[in-house]
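Peer 1: Shown below is the structure under consideration.
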Amino acid sequence: MQFKKFLPPVIKLIIVIILGIILIKAYWPELALLTHLNSAHQQELIALVHQHGWSDTLLLIIAIATLCSVPFAPNSVVCIFAGICFGPFIGFLINWCGNIIGNGFVAVMINRSGISNKIRHKQAFAYLTRQQFPTVGLIIGFIVPIIPNLLVNCAATGLQVSKEKYLLAVGLGTLPIAFLYALGGNALFTMSFTKISIAVVLFVVLCLFYWGLKKLQANLPN
């Protein structure tokens, strides 16, 4: 059984809908404040967040991990919401943990189900599996948001990297985007010029990083 057949599209949609309902129920007061966004609501939002226990924080991590493992699910929306509610640093930790757990689950499923031929013929898959240093290649794959997590995890399986190297790759690779989403969400809510500037610069750096990789890939022999 190949991974693409592991979760039928209908099951994926049901998972996303259920998670959405649970999150809306748990964070409805915060969502209501965000529909009338202004600086006066900032302290009220912080007070609401402090009322949440570890169970609600864990819920966000589980939601991010689950959406991370479902292709094309709105994982980034929840990551930005975590930054809005919990700030750039705690929000980053929530995003980071969720993405590491989600990618780890995907890697385990791929190891059990195998890699589809469609994935094997992707250019990005060939690029990642041809790296002289596999761990570095996987870090690059996780850093670039436009490369699907499924494809990067398939490359990790194809390269047969050790658990230690995989954890290093997914930990370092998901770190920048986890911080970007948390910082960006918090910056939009607080309207902090400094935070917005840092988020924009980080986004531009990631775009330039991807552009440089594309140029490098174009010059590589087939």
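Peer 1: Right, Ala82: touching a helix residue (DSSP H, G or I) at 6+ places or on another chain (Cβ under 7 Å), of a type in the set (A, V, I, L, M, F, W, C), assigned to a helix (DSSP H, G or I) and at pLDDT 85 or above or not?
Peer 2: yes
Peer 1: Right, something else. Please identify the pairs in which a residue from the range 117-137 that is touching a residue at least 60 places away in the same chain (Cβ under 8 Å) and part of a loop (DSSP other than H, G, I, E, B) has its Cβ atom under 7 Å from the Cβ atom of a residue that is of a type in the set (Asp, Glu) and surrounded by 19 or more Cβ atoms within 10 Å (Cβ to Cβ), counting only partners at least 6 apart or on another chain.
Peer 2: Listed by first residue and then by second, the contacts come to nothing, as the list is empty.
Peer 1: Return the only residue of Thr157, Thr174 being β-branched (Val, Ile, Thr), farther than 21 Å from Cys207 by Cβ and part of a helix (DSSP H, G or I).
Peer 2: Every option except Thr157 fails the conditions.
Peer 1: Test Gly137 against the stated conditions and say whether it is of a type outside the set (Ser, Thr, Tyr) and surrounded by fewer than 24 Cβ atoms within 10 Å (Cβ to Cβ). Break it down stepwise before answering.
Peer 2: Values: of a type outside the set (Ser, Thr, Tyr): yes; surrounded by fewer than 24 Cβ atoms within 10 Å (Cβ to Cβ): yes.
Yes: the conditions hold for Gly137.
Peer 1: Right, here's the next one. Just checking, which of Leu151, Leu128 is surrounded by fewer than 22 Cβ atoms within 10 Å (Cβ to Cβ) and not hydroxyl-bearing (Ser, Thr, Tyr)?
Peer 2: Result of the check over Leu151, Leu128: Leu151.
Peer 1: Restricting attention to the range 49-56, does a residue exist that is under 15 Å from Met191 (Cα atoms) and either surrounded by 15 or more Cβ atoms within 10 Å (Cβ to Cβ) or modelled with pLDDT of 75 or more (or both)?
Peer 2: No - not one qualifying residue is present in the range 49-56.
Peer 1: With respect to Lys118, is the statement that it is in contact with a Leu (Cβ under 9 Å, 6 or more places away or on another chain) and of a type outside the set (A, V, I, L, M, F, W, C) true?
Peer 2: No; evaluated as a whole, the condition is false for this residue.
Peer 1: Could you say whether any residue in the range 137-152 is β-branched (Val, Ile, Thr) and under 11 Å from Ala107 (Cα atoms)?
Peer 2: So far as the range 137-152 goes, yes, one or more of its residues are β-branched (Val, Ile, Thr) and under 11 Å from Ala107 (Cα atoms).
Peer 1: So if I check each of Ile100, Ile177, Ile90, which one is of a type in the set (Val, Ile, Thr) and surrounded by fewer than 17 Cβ atoms within 10 Å (Cβ to Cβ)?
Peer 2: So the residue among Ile100, Ile177, Ile90 that is of a type in the set (Val, Ile, Thr) and surrounded by fewer than 17 Cβ atoms within 10 Å (Cβ to Cβ) is Ile90.
The values are calculated or read from the model by the stated rules, or taken from the named source; none is laboratory data. Remember, predicted model here, so these are calculated numbers, not experimental data. Neighbour counts are summed over all protein chains in view; Cβ atoms, including those assigned to glycine, are modelled from backbone coordinates with ideal geometry.
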